[in-house]
Amino acid sequence: MYVCGLTVYDHPHIGHGRMALVFDVLRRYLAFSGLDVHYVSNVTDIDDRIIERAAGEGRTEPEVAQEFEASWWRATDSLGVLRPDDTPHATAYVDDMVALVSDLVGRGVAYETSSGVYFEVEKVDSYGLLARQSLDSLRSGARVEVDAEKRSPLDFALWKKAKPGEPTWDSPFGPGRPGWHTECVVMSLDLLGDGFDLHGGAVDLIFPHHENERAQAVAQGRPFARHWVHNGWVMAGGEKMSKSLGNFTTIDEMLDVADPRAYRLLVLRSQYRSQIEVTPETIADAAKGLDRLDRMAQRFSVTEPLGLGTAALATADGRDVVAEEVDRFRARMDDDLDTPGALAWIFDAVNRAHSLGDAGDEEAAAALARTVAFLCGVLGLALDGGAVAEFDEATERLVTERDEARAAGDYGRSDAIRDQLVALGWTVEDGPNGTTLRR
Ligand SMILES: [Zn+2]
């Protein structure tokens, strides 16, 4: 699978974080399903915005690109996203891109102007397939063209001729740099081959970016991606995301106050194509769900971080899990990656594990809890089974006193002891077996 990565000119925002999480889960799930996944995601390290920022800050383009690429990997690592197998960089593929542009000119589907080389979209019959629009309707919706040399406003730049002060590469069309749409078609076909399985990215890339990638492959007679997956947008209360509004803009800012697992859970609560609302409230609500999962893991002592880590992608082989529960999870996920459905099942299983535990069937409860933890691992969620808390004698005595007070109906005394325990740094919970403490 090939997923359009970032243009590295700024710190990644939470929308980029959602994209990374959606495709991380898809990749993990495909691996869990027994497929051998080769995951490629590119880094666009030359672009107008990188050039602008470098000029504005008196730095070089590579300095800017390296800073924000590092920021991107730091952020996705923090979110628990597995690194792609390959992360091709645009600047390392310029020769191949020049070769593609030359080939397209030779085939008569691209033409040179004074500003660059353009792809002529009318030469591709199926242009508009991904946008689900005809060429006519795309044309009428296009902005009025200011470049009189372009044959259609929809024609896009394969090669941009150098302007003064810009970084350049040599080509048969003079010095310049490749267009963004050419980058992805060259790198995906090079690393994954013709007719690769799956191409992803955010929904705003469908048109024109993905349409234009595809058009170049079609013009060369090469089978391109067989399936397309696009994730929806991130909204913040219908408002512009900004720190002053208490919303989150960058992934770093969000992770200053939120558990990265809570953001993953929030993303997975919605189908990948729908829009999601990210506000302090929705993150807090996801954190509550996460807490339910952790508490189940703690109650039934599920401490092994099942199926997690960068080295091992999870499979059910040889796991001590309940097979029919795994099948139910799989049925939801096989239905267009229905993560909300899969999570609904998971939380139902959490309730059932507690009920079994309350009824004294510890063995069945623990098996269900292990299965939940394993499937959370498939989704990239590591549960915090916690180390068993060590109490000192004084704390132990308070717990005993509190349970006795509750049993005797002395709730004033029981509440007073609760306050004492909270002051000592404990979270106090009441269960069927009495007081439970967590750090
Ligand atoms: Zn792309």
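No value in this document is a laboratory result; all are computed from the given coordinates. These numbers were taken from a predicted model, which means no experiment stands behind them. Cβ: placed from backbone, ideal geometry, glycine included. Neighbour counts: every protein chain shown.
Taking amide hydrogens as placed 1.01 Å from N in the peptide plane, the amide H of Leu158 sits under 5 Å from those of Val117, Tyr118, Phe119, each at least 5 positions away in sequence or on another chain. Cross-link candidates for Lys288: which aspartates and glutamates have Cα within less than 13 Å, leaving aside residues fewer than 8 places away along the same chain? Within the straight-line cut-off, Lys288 pairs with Asp259. Normalised by the number of residues in the chain, the average gap of Cα pairs under 8 Å and 6 or more apart makes the relative contact order 15 percent. From least to most packed, judged by other beta carbons within 10 angstrom and beginning with the fewest, Glu362, Glu63 follow the order Glu362, Glu63.
Remark on Ala236: its backbone amide H falls under 5 Å from those of Val278, a criterion applied only to residues 5 or more positions apart or on other chains, H modelled at 1.01 Å from N. May I ask you to derive the FRET efficiency for Ala287 and Arg132 from their Cβ-Cβ distance with R0 = 35 Å, giving the value to the nearest 0.05? Computed FRET efficiency for Ala287 and Arg132 comes out at 0.35.
Karplus-derived 3J(HN,Hα) values for region 155-164, using 6.51 cos²θ - 1.76 cosθ + 1.60 with θ = phi - 60°, are 4, 10, 6, 8, 9, 10, 5, 5, 9, x Hz; glycine and proline are entered as x. Overall size of the chain from C-alpha positions, given as principal axis extents largest first: 90, 48, 38 Å. Helical content of the chain, expressed as a calculated mean residue ellipticity at 222 nm, amounts to -14500 deg cm²/dmol (DSSP H runs of 4 or more residues, -39,500 (n - 2.57) each, divided by residue number, nearest 500).
Taking only the C-alpha atoms of region 102-193, the Rg (one decimal) and the largest Cα-Cα distance, Dmax (whole number), read 14.2, 40 Å. Each peptide in 83-93, 131-141 was scored by the mean count of other Cβ atoms within 10 Å over its residues; highest first, the order is 83-93, 131-141. For region 61-76, 3J(HN,Hα) computed residue by residue from phi via the Karplus equation (6.51, -1.76, 1.60; θ = phi - 60°) reads 4, x, 4, 5, 4, 5, 4, 7, 5, 4, 4, 5, 5, 4, 5, 5 Hz, glycine and proline entered as x.
Quick check: net charge around Val40, other residues with Cβ under 13 Å of its Cβ, Lys/Arg +1 and Asp/Glu -1? Cβ neighbours under 13 Å give a net charge of -3.
Mean separation of Cα pairs under 8 Å and 6+ residues apart, divided by the residue count of region 115-187: what relative contact order is that in percent? After rounding, I find 32 percent.
As a test, work out the antiparallel percent of DSSP beta bridges whose residues both lie in the chain, rounded to the nearest 5.
55 percent
Compare the peptides 28-38, 142-152, 262-272, 214-224 by average per-residue count of other Cβ atoms within 10 angstrom and give them in order, highest first. The partial results should precede the final answer.
Numbers: 28-38: 16.4, 142-152: 11.5, 262-272: 22.8, 214-224: 18.7.
So the order, starting with the most tightly packed, is 262-272, 214-224, 28-38, 142-152.
How would you rank 405-411, 65-71, 395-401, highest first, on the average number of other Cβ atoms within 10 Å across their residues? Intermediate results must be reported in sequence, preceding the final value.
Values: 405-411: 12.9, 65-71: 17.1, 395-401: 15.1.
Ranked by mean Cβ neighbours within 10 Å, highest first: 65-71, 395-401, 405-411.
Cα convex hull of region 1-136: how many Å³ per residue? Mind dumping the intermediate values first?
Values: hull volume 23.5 nm³, N = 136.
It is 173 Å³ per residue.
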